[in-house]
Amino acid sequence: MSRSRARFDTAWQAARDHARQAAAQFGMDVVVTRDVLGRACLLIDDRGRALAHDDADVVALRDAFVAATRPFTGLEPLLFGEKLFAPELYFDAEDRAPVSPRQGSTGSVHALERTVIGTDWARSVRTPAHGALGRRDRRVALYGFKGGVGRTTATAVLARYLAGTGRCVLVVDLDLESPGVSNLLEDPAGIPRHGIVDHLIEGGVGNADGLELVARSSALPVKGNGEVWLAPAGGSPLAGEPYDYLAKLNRIYSDLAGLNPGDGDRPFAARLEEAIAACEDQVTELSRPPDVVLLDSRAGMHDIAAVTLTHLSGLALLFAVDNPSTWEGYKMLFEQWQQRPALARELRERLRVVAAMFHSAGDAKRLPALRDRAQQLFADTLYDQLGTDEDGPDDVDDAGDEGDELYHPPLEDDDAPHAPIPILFGNDLVGLDPLRSRDWPELPFVEAAYRTFTTTVERLLPPPHPAPESS
């Protein structure tokens, strides 16, 4: 029987194993890369001591690597730092994932993925520019790995509640493939002329000035001096004005080169950040700075969700229903972050689980069961690992740099990322049509269902901007 061919996953595992072998054999740092087709190659950093490409050990490594990874072998199975035009693009790349550290005479190994989409799930969070950190702290992402968990309705309810406390709230519809929250906040005639996709497209050619991106909600009842503003996914053009939403949507996700020679690249994450900042600035110009910005994110493993969770928000609400597919999905996501410890440490304290559509009637054990599963998931992936000894689980296995405080909150900690915030679900909510009943957020059973959710999220937010001093 002929030898079985390597598949996508087994070829990558073999490539990483050969990278470790090369790091140990030559005592040099190695980067194992995988291109958009899944083809792997090894980059060996021999800049300090050049390797002869016809050396017997090098030839043997190349032959073994090709045999183990074919047909997912790169066009050049082995590359050498000494011969690369710009080796720092690989050996110093920020989005490398550590595989094994340098130890003694053995070099380090890092993995570097080149994919078409999804790179932002694992891309390091860049240090916010001046002023951007304050913006991020006021942004709340609402995300569900699975759709149909009531995320958009919860966004509208939360917006209305926070506005009821006197806050200025901006809701950004980032479910670009399936916009929805706009219809809950505004009548079609009140939707602004442009949306997020317009800024992404026009900004790509430096033409975003003058876009009308936000409108104040007139469909959501708000008492007092609070405000709800909407930034829709797409705009509502004037009569006779051409508007092709799909043509724009199909072009927004690419990373772009700089507009002018010498300008840096403009990844999708940076351009989406600019679009949201533009919406915030317009609300400020028209009224006052938003106290909170709700980002209604696309569900699933989508680029929008990746950017929203990892780059844009100071608080990310992860909607979960207690079923296997939900936990498997979040496990896949958390394991991606786990591969980049620095990213995981930066993210984990910004996450909170929301027990969505939670049926509480008659079963007091359901919420504790969900908490158990959430805590186990965080403990297995994003929390620092606990060692065990005779004195109990208090040793740190991988808490980051020596001296870092261990982060592994206990199951009972109500402020921990795994502590679920419940949204109750009852029969009264079945058949509720927010589009026909504009006073729906004020219905008693709606307020009761979301009370814990809204008050808990409010507690997690920074205080509103101080009122301007009167002249």
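The values are calculated or read from the model by the stated rules, or taken from the named source; none is laboratory data. Since this is a predicted model, take the numbers as computed values, not measurements. As a convention, Cβ positions derive from the backbone with ideal geometry for all residues, glycine included, and neighbour counts pool all protein chains shown. All accessible areas refer to the heavy atoms of the entire protein, side chains included, with ligands and DNA or RNA removed. Shrake-Rupley method; radii C 1.70, N 1.55, O 1.52, S 1.80 Å.
Computed per residue of the chain from DSSP H runs no shorter than four, each worth -39500 (n - 2.57), the mean residue ellipticity at 222 nm is -10000 deg cm²/dmol. When each of the peptides 296-305, 320-329, 251-260 is scored by the mean number of other C-beta atoms lying within 10 Å of its residues, the order from highest to lowest reads 296-305, 320-329, 251-260. If the segment from residue 223 to residue 84 were pulled out straight at 0.36 nm per residue, it would be longer than the present Cα-Cα gap by 43.7 nm.
Per residue, the Cα convex hull of the range 313-380 amounts to 87 Å³. Summarising the amide proton neighbourhood of residue 407: residues at separation of 5 or more, or on other chains, whose placed amide H is nearer than 5 Å comprise 384. For residue 83, a cut-off of 24 angstrom between C-alpha atoms picks up no lysines at all, skipping any fewer than 8 places away in its own chain. Between residue 335 and residue 386, the simple spin-label model (points 7 angstrom out along Cα→Cβ) gives 2.4 nm. Site pair residue 57 and residue 288 shows an inter-label distance of 6.9 nm when each label is modelled 7 Å from Cα along Cα→Cβ. Label-to-label distance for residue 247 and residue 406 is 6.0 nm, based on points extended 7 Å past Cα in the beta-carbon direction. Residues whose amide H falls under 5 Å from that of residue 80, counting only those 5 or more places apart or on a different chain, are 44, with hydrogens built in the peptide plane. Of 268, 8, the residue with the largest accessible area leads and the full order is 8, 268 (1.4 Å probe).
For the range 181-329, the solvent-accessible area of protein heavy atoms averages 40 Å² per residue (probe radius 1.4 Å; ligands and nucleic acids excluded). If R0 is 25 Å, what FRET efficiency do you get for residue 239 and residue 165 from their C-beta distance, rounded to 0.05? Rounded to the nearest 0.05, the efficiency is 0.05. The portion of the accessible surface of the range 260-346 made up by carbon and sulfur, rounded to a whole percent, is 51 (1.4 Å probe; DNA, RNA and ligands excluded). Given axes a ≥ b ≥ c from the Cα gyration tensor, I'd like to know whether the chain is rounded (a/c under 1.5), prolate (a/b larger than b/c) or oblate. Judged from the Cα gyration tensor, the chain comes out prolate (a/c at least 1.5, a/b above b/c).
Peptides 283-293, 200-210, 443-453, 38-48 ordered by packing proxy, namely the average of other Cβ atoms within 10 Å per residue, highest first: 38-48, 283-293, 443-453, 200-210.
Straight-distance candidates among the aspartates and glutamates for linking to residue 223, with alpha-carbon spacing under 14 Å and chain neighbours fewer than 8 residues away dropped: 439, 442.
Highest-first packing order for the peptide set 67-79, 15-27 is 15-27, 67-79, based on the mean count of other beta carbon atoms within 10 Å.
Between the beta carbons of residue 13 and residue 439, assuming R0 = 56 Å, the FRET efficiency works out to 0.45 to the nearest 0.05.
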